[in-house]
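**Student:** Could you have a look at this structure, given as structure tokens, before my questions?
Quick note: the coordinates plus some simple rules give every number you see, no bench work behind them. Treat the numbers as computed from the prediction; the structure is a model and nothing was measured. A quick note on method: Cβ atoms are made from the backbone with ideal geometry, for glycine too, and the neighbour counts reach across all protein chains shown.
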There are 2 protein chains.
Amino acid sequence: MKCISPNALRRLPVYLSYLKQLPDRSGNISATAIAGGLGLGDVQVRKDLAGISGEGKPKTGYNIQNLIDALETVLGYKSVTNAVIIGAGRLGTALMEYPEFKEYGLHILAAFDIDPERCSSTPGKPPVYPLSQLAVFCRDNAVKIGIITVPADQAQSVCDRLVENSIHAIWNFAPVHLHAKAGVTVQNENMAASIALLSNHLS
Amino acid sequence: MKCISPNALRRLPVYLSYLKQLPDRSGNISATAIAGGLGLGDVQVRKDLAGISGEGKPKTGYNIQNLIDALETVLGYKSVTNAVIIGAGRLGTALMEYPEFKEYGLHILAAFDIDPERCSSTPGKPPVYPLSQLAVFCRDNAVKIGIITVPADQAQSVCDRLVENSIHAIWNFAPVHLHAKAGVTVQNENMAASIALLSNHLS
């Protein structure tokens with residue numbers, strides 16, 4: 001899986017969501033049809049899919065269900081990765097209850113907050129614990145991903161704390177650039193960039 | 001501004017947030033220093049910045065404050081773009097109150113929901129109106145961007161409705177591929193892709 005480029009990897013969920021929306025998933029589909037449906041280039045789609053599922057058969061293309069299975073496997077949706085959220089404000093709470101994460105193989109075990117008033121335990125929802133319990137919780141629960149939804153000025157110290165607790169994959173929603181040592185990956189949910197792309201379209 | 005590539009445009013907010021975090025913004029900074037601080041390539045940073053601010057001066061580099069101003073202008077942070085949110089659930093509500101949007105020049109005027117119980121008007125917060133009022137509101141308020149935070153199965157019909165009301169920039173948080181006519185830009189906040197990139201780092 002390491003050989004897939006980050007840009008190709010970003011496109012895979014788009015292929016998957018497109019295939020899952022097809023009214024009839026029983027047959028085959030060509031790379032050209034997928035490219036047309038998504039407004040992407042033919043060659044790119046062919047190359048991306050070759051990397052995960054081998055070549056489509058000439059004239060018949062890819063079996064849709066097999067391609068869905070291959071995409072879900074490569075994307076890790078068939079395995080489960082434990083995650084915690086730091087910052088149980090509005091965004092953190094929204095993400096805690098985002099139903100699609102389970103489908104993506106992401107299991108939110110708990111959230112943590114410095115504010116004792118936000119700490120709670122409601123049946124059917126992930127609990128919110130005091131931040132002081134983070135270290136013990138991460139150690140005991142094989143947490144792999146830390147999701148940062150604290151304000152910008154607290155994000156770096158939260159990031160440092162996650163890394164100290166052996167979390168090497170950080171998903172950062174705070175609008176700030178985070179520094180982390182080599183071997184740690186920080187994925188920025190860069191809302192500012194999305195707005196820039198939209199505004200640019202309007203100007 | 002149209003000549004900046006989408007990939008370059010995505011990096012500009014990262015440069016901006018990096019520059020704004022510098023403890024001393026009074027002096028100059030070289031492209032090499034920015035590249036080093038962000039873990040990017042020297043040539044790429046130089047090229048990106050040349051597109052918005054001209055060349056840095058040999059040996060002295062860029063004046064930091066001028067570069068911040070140039071980035072903010074190009075990114076549209078110095079102008080204001082009106083937006084509405086469709087779907088006043090947890091994610092929609094979180095975005096309504098996301099304080100950084102204002103800084104990015106995005107002005108959330110109101111949210112809309114099909115559920116009458118979610119419709120409300122609280123001083124200091126954007127109001128939530130019934131979806132039936134969308135058309136009149138968009139026409140009267142020069143709305144430019146529509147933000148979709150409804151469940152996946154309702155996202156396409158909401159997108160169609162926004163486009164019918166002359167909204168040509170859509171920011172989609174629903175985990176689904178949306179179709180829109182030529183001239184409409186759909187920016188997907190692709191959380192699935194972010195998770196894939198993180199999971200890939202772990203595997």
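**Student:** Quick one: putting +1 on the C-beta of Lys and Arg, -1 on the C-beta of Asp and Glu, what dipole do you get for the protein assembly as shown around its Cα centre, in Debye to the nearest 20?
**Tutor:** 920
**Student:** Another question, if that's okay. In nm, what does the list of distances from B:Asp153 to its counterparts in the other copies look like, shortest first, when each label sits 7 Å along Cα to Cβ?
**Tutor:** Those label-point separations list as 4.5 nm.
**Student:** If you place +1 on the Cβ of every Lys and Arg and -1 on the Cβ of every Asp and Glu, how big does the dipole about the Cα centre of chain A come out, in debye to the nearest 20?
**Tutor:** With only Lys, Arg, Asp and Glu charged at Cβ, the dipole is about 580 debye.
**Student:** Something else now. Taking the stretch A:95-203, which trypsin sites (Lys or Arg not before Pro) meet the DSSP loop condition and have no more than 15 other C-beta atoms within 10 Å?
**Tutor:** Hits after loop and neighbour filter: A:Lys181.
**Student:** Treating only the Cβ of Lys, Arg, Asp and Glu as charged (+1, +1, -1, -1), what charge dipole size does the stretch A:81-194 show about its Cα centre? Round to the nearest 20 debye.
**Tutor:** About 180 debye.
**Student:** Anything over 31 Å Cα to Cα? Flag those among A:Lys47/A:Lys78; A:Lys181/B:Lys20; B:Lys59/B:Lys102; A:Lys20/A:Lys59, in the order listed.
**Tutor:** Beyond 31 Å between Cα atoms: B:Lys59/B:Lys102.
**Student:** Measure nothing but the geometry: give the 0 to 90° angle between the long axis through the Cα atoms of B:191-202 and the longest principal axis through the Cα atoms of chain B, rounded to 10°.
**Tutor:** Once rounded, the angle reads 50 degrees.
**Student:** Here is a further query. Once the Cα gyration tensor of the protein assembly as shown is diagonalised, what are the square roots of 5 times its eigenvalues, in whole Å and ordered largest first, as equivalent ellipsoid semi-axes?
**Tutor:** Value: 30, 27, 27 Å, ordered largest first.
**Student:** Ordered shortest first, which distances in nm separate the 7 Å Cα→C-beta label point of A:Thr122 from those of the other copies?
**Tutor:** Between copies, matching label points for A:Thr122 lie 1.4 nm apart.
**Student:** Within a 10 angstrom radius of each residue's Cβ in A:77-83, how many Cβ atoms of other chains show up on average? Whole number is fine.
**Tutor:** Whole-number average of other-chain Cβ neighbours for A:77-83 is 2.
**Student:** Before anything else, pin down the relative contact order of chain B: Cα pairs under 8 Å, at least 6 apart, normalised by residue count, whole percent.
**Tutor:** The value is 14 percent.
**Student:** Could you give, in nm with one decimal, how far A:Asn165 is from each other copy of that position, shortest first, with labels 7 Å out from Cα toward Cβ?
**Tutor:** Ordered by distance, the counterparts are at 4.2 nm.
**Student:** Based only on Cα atoms, what mean projected area does the convex hull of chain B have, in nm²?
**Tutor:** Projected area, direction-averaged: 14.1 nm².
**Student:** Now for a separate question. Determine the shielding of peptide A:12-18 by partner chains: average, over its residues, the number of Cβ atoms on other chains within 10 angstrom of each Cβ.
**Tutor:** Whole-number average of other-chain Cβ neighbours for A:12-18 is 5.
**Student:** Just check the stretch B:81-194 against the gyration tensor rule for me: Cα atoms, a ≥ b ≥ c as the square roots of the eigenvalues, rounded for a/c under 1.5, and otherwise prolate or oblate depending on whether a/b exceeds b/c.
**Tutor:** Rounded, since a/c falls under 1.5.
**Student:** Continuing with this model, one more query. Please give me, ordered by residue number, the GluC sites (Glu not before Pro) of the stretch B:1-99 that lie in loop per DSSP and have at most 11 other Cβ atoms within 10 Å.
**Tutor:** Passing sites in the stretch B:1-99 are B:Glu55.
**Student:** Then there's this: What nm distance separates the two modelled labels at A:Lys181 and B:Asn66, each placed 7 Å from Cα along Cα→Cβ?
**Tutor:** My value for the distance between the label points is 4.0 nm.
**Student:** Excluding residues on the same chain fewer than 8 positions from A:Lys125, give the aspartates and glutamates whose Cα lies under 17 Å from its Cα.
**Tutor:** A:Glu97, A:Glu100, A:Glu103, A:Asp113, A:Glu117
**Student:** What does the convex hull of the Cα atoms come to per residue for the stretch A:6-74, in Å³?
**Tutor:** Normalising the Cα hull of the stretch A:6-74 by residue number yields 77 Å³.
**Student:** Summing -39500 (n - 2.57) over the DSSP H runs of n ≥ 4 in chain B and dividing by its residue number, what mean residue ellipticity at 222 nm do you reach, to the nearest 500 deg cm²/dmol?
**Tutor:** Calculated mean residue ellipticity at 222 nm is -13000 deg cm²/dmol.
**Student:** Continuing with this model, one more query. Can you tell me the orientation of helix A:42-53 relative to chain A, as the angle in degrees between its alpha-carbon axis and the longest Cα principal axis, to the nearest 10?
**Tutor:** The angle comes out near 70 degrees.
**Student:** Give the angle, between 0 and 90 degrees and rounded to the nearest 10, that separates the Cα long axis of helix B:6-21 from the longest principal axis of the Cα atoms of chain B.
**Tutor:** With both axes taken from Cα atoms, the answer is about 70 degrees.
**Student:** Using 7 Å Cα-to-Cβ label points, what is the B:Gln133/A:Asp153 separation (nm, one decimal)?
**Tutor:** Rounded to a tenth, the inter-label distance reads 3.6 nm.
**Student:** What is the average number of partner chain Cβ atoms found within 10 Å of a Cβ in A:172-178?
**Tutor:** So the per-residue partner count for this stretch is 5.
**Student:** If you rotate chain A onto chain B, whose Cβ in A ends up lying nearest the axis, and how many Å away is it?
**Tutor:** A:Ala94, 2
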